[in-house]
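Encoded as C-alpha cells, the structure appears first; notes follow it.
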Amino acid sequence: MRTVFGYTVIALLLPVAVFLFYFTNAEAHKVRSFDEVVDEKIVIKDVHLPQASKMVDKDGNPYLEIHQPYRIIADGKIIPPFLKELFLQSEDKHFYDHSGINAAAVMRAMLVNAKADGIEQGASTITQQLARNVYLSHDRTLVRKVSEVLYAYELEKRLSKDEILNLYLNAIYFNHQVYGVEAAAQFYFQKHVNELTKAQMAFIAAIPNNPSLYDPVRHFDNTKKRQERLIDMMQREEFITAAEAEEIKKEPIKLQVRDRIDKYASYSTYVEDELKWLIAKTEGFDQQLQNAKGEEKTTIEHKLNDRVQEVMSSGIVVHTSLDPAKQRQAENAVNSVMAGSSVQASASVIKNDTRDIVALVGGKDFDRTQFNRSFQGFRQPGSTIKPLLDFGPYIDTTQAGVNSMVSADKYCVRGWCPKNYSGKEYGMVTLKTALSKSYNTAALRLFIKTGNERAYSYLEKFEFERMTEEDRNSDGKALGGFSHGMTTLEIAGAYTSFIDGTFTKPRAIQKVTDRQGNLLYEWKDEPKTIWSKATTYKMRYLLADVIQNGTGKKANPGTAYAGGKTGTTNNTRDLWFAGLTDQYTAGVWVGKDVEGSIRYLEKYAPNQLIWRRIVR
C-alpha cells in the first residue's frame, strides 16, 4: 500500500519537478555576475584630474596662474621612489597585494566602528582614497563607504597598480588649494618634486593625513613631528639606515611658500574673455550662437561656458603678447595723469608689426573684480570716428588730395544742422585743416559726398561689436553718434589700418598649448585691405598734422612719426585720443562711468597726456 502511494506521489510530482527544472533553468540564464552588475552601476571613464593653467607673456614668463584647483600633473617617472614609498608605507603598506580593498583592515575598522556606534576608522586603501577624491564626497557615511569600495573595485580592474598610485599622488590634497605632489613641491619649496631632498619629501608627505592639523604654514611644528615619525617608519621598514634617518631629521626645513601669480589684471581679464571666443570659434559654438534664438541660445551659451571651464582646468598654457614693460608704462600713465580725480580712463596698445595687443588698462587703479573699460566700456567715439568714416572713405573713393577743399560753413542734412565745436563758420578749407581743427560741418559734407552705404562699408570691415541697423541708417554716425559706441580696443584696432592700409583684428592670444607644448588653439585671422596705398599715405599725413598743428598738440610724443585724432562727445562726456607711431597704435578714453560732463578737464587734455606717455 505504501509503495503504491509512493509511486502515485512521484507520478503526481514529476510534472511539477519538470516545470520547476525548466523555470529554474530559465531564471539561471538571467542571473548576471557581480562584475556585470558593478560594471553597469559604476561607470568609470578616463580619469582626468583638473589642474592649474597659466598665462605667459611674450617672453614665456607666467603672469597669471588659474587655480582650478592648483594642481600640476607629474609623470610617475619623475616622482622619486622614496616619496612613493613614504605614501605606500604610511597609507597602504599592502597596496601591491590587494585588489583595491584590504579585507583585514576593513574587519578591524568594522570592530572599532561597531564599538563606537559610528564611523571612527576608515581603513581606506590608496585605491579607495583615489576613488573618494575623484568620484565621491568626503562624507563619513556608510553609503559613501560602500560606494568607495565599488569604485575602488572598478579602478583596479581598469588601471594598473602603478597608474593608480601615480593618479593618487597627483590627486591628494596638501591644503591651501594645492593638489598633488608636484604642486606641493612648488608651493612649499619652489622646487620641482624630483628636486626635493628626502627631508622635504617626508615633510610634504606628512600633510595629506590631516591637511588642517599638518598645515606647514599655520602648524609647522605639527608637520615637523609627523615628518619625523614618517622617517622613523622608513627606518623600521629598512628603506633607510638609522644614521641616514638621523641626518634627514636634522636637515633644516625652510619653507619658501610662493604667492599665487596674478599680475596685470587689466590684461588677463581680457585674455580670459578672448580665450572663450577662441574656443567658440574653433569648436563651432559661434556659428551655433548666431543661428540660435531664445532658450536654445541660452543652452548653447551654458555649454560654451562649461567647455571653457573644462579647458581651463586641463592644465593649459595661454601664450599671449603681453609686454610687461609697456603694460606697466600704460598703467602708470593712466594712474598718474588721473591721480586724485573721480574720473575714469582706459587704454589699449597694439604693436604695429604684429597687430598684437601688448597692453590694456581697464581703468584707473584697476582691480580684477572691476568692469574692464578697455574692452567692455562702449562709449560714443566723438571725432575719433572721422578718419575712419568721413575722411578715409572720401579720399579712397574720390582720390582727393590733402589740400583738396571742403566747406566748413553751416550744413544741414534732413533737418539736422550740427555746428562746429566753436560755433563758428570757416568757409572753404583744405582737408588737412578740416581734420586738424576737427570741423564737424566739413566732416559731414565728406560723409554725404561719399554716400552713406559706401562710407559704412568701410566701417563694417573693422567688426565693431555693437553697431546696429539703426547706425547703418543714421547720419549722426558721421560725427560719432552711435547707438552703443566703441571701446578703446576697437578704436585702436581700427586705427591700425593706417599703418599700411590693412586691418587684422588685434589679438592678445598667440596660441594655446598643453603643458607639453602641443598646440590646442590659435587664431587664423587673415588681413583685410581697407585703404589703397595712396589713401594710407594721405591719411598718415593728415593724422600727423593733427598732432603737429591741430587739436592734438599735447599728445605729441616726440617720436619720428606720430599721428592721431582727438575726440570729444556732446556736453564733453567723453574725451578720446587715438593714433599711432612707427611702433605702436593706441586708443585712450577718459570719462565718468555714470555719464556726466568733464568739461573742466578739457583744457588739461588728460586723454592726450595719457596717450603721449604710453607711446613714447
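Throughout, read-outs are computed from the coordinates displayed, never taken from laboratory work. Just so it is clear, the structure is predicted and the values come from calculations on it, not from any experiment. So basically every Cβ, Gly included, is an ideal-geometry build from the backbone, and we count neighbours across all protein chains shown.
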Notebook entry, point to check: For the residue pair Leu519 and Arg454, what label-to-label distance in nm results when each label sits 7 Å from Cα along the Cα-to-beta-carbon direction?
Noted result: 4.2 nm
Next item on the list: Find, among the trypsin sites (Lys or Arg not before Pro) in segment 240-330, those assigned to loop by DSSP (not H, G, I, E, B) with at most 15 other beta-carbon atoms within 10 angstrom.
Entry: Lys254, Arg258, Arg260, Lys293
Check: Relative to the first principal axis of the alpha-carbon coordinates of the chain, what is the inclination of helix 606-615, with its axis defined by its Cα atoms, in degrees from 0 to 90 and to the nearest 10?
Finding: 70 degrees
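Let's see if you can work this out: charge +1 on each Lys and Arg Cβ, -1 on each Asp and Glu Cβ, no other charges. What is the dipole magnitude of the chain about its Cα centre, in debye to the nearest 20?
2340 debye
If Lys and Arg each add +1 and Asp and Glu each add -1, what is the summed charge of the other residues whose beta carbon sits under 13 Å from the beta carbon of Lys477?
Details: positive: Lys386, Arg466, Arg472; negative: Asp390, Glu453, Glu460, Glu469, Glu470, Asp471, Asp475.
Local net charge: -4.
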Next item on the list: Grab the DSSP H runs of the chain that are 4 residues or longer, score each as -39,500 (n - 2.57), total them, divide by all residues and round the 222 nm result to the nearest 500 deg cm²/dmol.
Entry: -14000 deg cm²/dmol
Next item on the list: Take each of the peptides 544-553, 404-413, average the number of other beta-carbon atoms within 10 Å over its residues, and list them starting from the highest.
Entry: 544-553, 404-413
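Just list whichever of Lys386/Lys424; Lys386/Lys419; Lys432/Lys553; Lys77/Lys254 have alpha carbons separated by over 23 Å in the model shown. Mind showing how you got there, number by number?
Details: Lys386/Lys424 19 Å; Lys386/Lys419 15 Å; Lys432/Lys553 15 Å; Lys77/Lys254 27 Å.
Listed pairs above 23 Å: Lys77/Lys254.
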Item checked: C-alpha long axis of helix 294-312 to longest principal axis of the chain, angle in ° -> 70 degrees
Checklist line | Cα centroid separation - segment 520-582 against segment 589-610, whole Å | finding: 19 Å
Checklist line | Exposed GluC sites (Glu not before Pro) absent - longest run of the chain, DSSP non-H/G/I/E/B, at most 16 other C-beta within 10 Å | finding: 239-424
Notebook entry, point to check: Can you list residues whose amide H is under 5 Å from Ser314's amide H, if they're 5+ apart or on another chain and H is modeled 1.01 Å from N?
Noted result: Gln51
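Which whole-number percent of Cα pairs in segment 327-406 have a distance greater than 20 Å?
52 percent
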Next item on the list: Treating the angle as unsigned and between 0 and 90°, give the value, to the nearest 10°, between the Cα long axis of helix 324-337 and the longest Cα principal axis of the chain.
Entry: 60 degrees
Notebook entry, point to check: For Lys297, which lysines qualify as cross-link partners when the Cα separation must be under 17 Å and same-chain residues fewer than eight apart are set aside?
Noted result: Lys276, Lys281
Next item on the list: Identify all aspartates and glutamates with a Cα-Cα distance to Lys224 below 19 Å; exclude those on the same chain that are fewer than 8 residues away in sequence.
Entry: Glu85, Glu91, Asp215, Asp232, Glu244, Glu246, Glu247, Glu251
Checklist line | Point-to-point label distance, Leu213-Ser483, nm (Cα→Cβ direction, 7 Å offset) | finding: 6.4 nm
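For a Förster distance of 30 Å, can you work out the FRET efficiency between the beta-carbons of Lys419 and Asp500, rounded to the nearest 0.05?
On the way: r = 36 Å, r/R0 = 1.19.
Calculated value: 0.25.
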Check: Around Ile231, with a cut-off of 15 angstrom between Cβ atoms, what is the net charge of the other residues, counting Lys and Arg +1 and Asp and Glu -1?
Finding: -1
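In a shell of Cβ-Cβ distance under 15 Å around Ser404, excluding Ser404 itself, what net charge do Lys and Arg (+1) and Asp and Glu (-1) give? Provide the component values of the computation, followed by the final result.
Numbers: positive: Lys432, Arg445, Lys449, Lys538; negative: Asp390, Asp396, Asp545.
Spelling it out: positives minus negatives among the neighbours equals +1.
Translational D (Stokes-Einstein, µm²/s) of the chain at 37 °C and 0.692 mPa s when Rh comes from the Kirkwood sum over C-alpha pairs? Walk me through the numbers on the way to the answer.
Details: Rh = 29.6 Å.
Stokes-Einstein gives a translational diffusion coefficient of 111 µm²/s.
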Next item on the list: Please list, or write none, the aspartates and glutamates whose alpha carbon is within less than 13 Å of the alpha carbon of Lys364, excluding same-chain residues fewer than 8 places away.
Entry: Glu331, Asp593
Note to self: Once you place label points 7 Å from the Cα toward the Cβ at Asp273 and Ser407, how far apart are they in nm?
What the structure shows: 4.3 nm
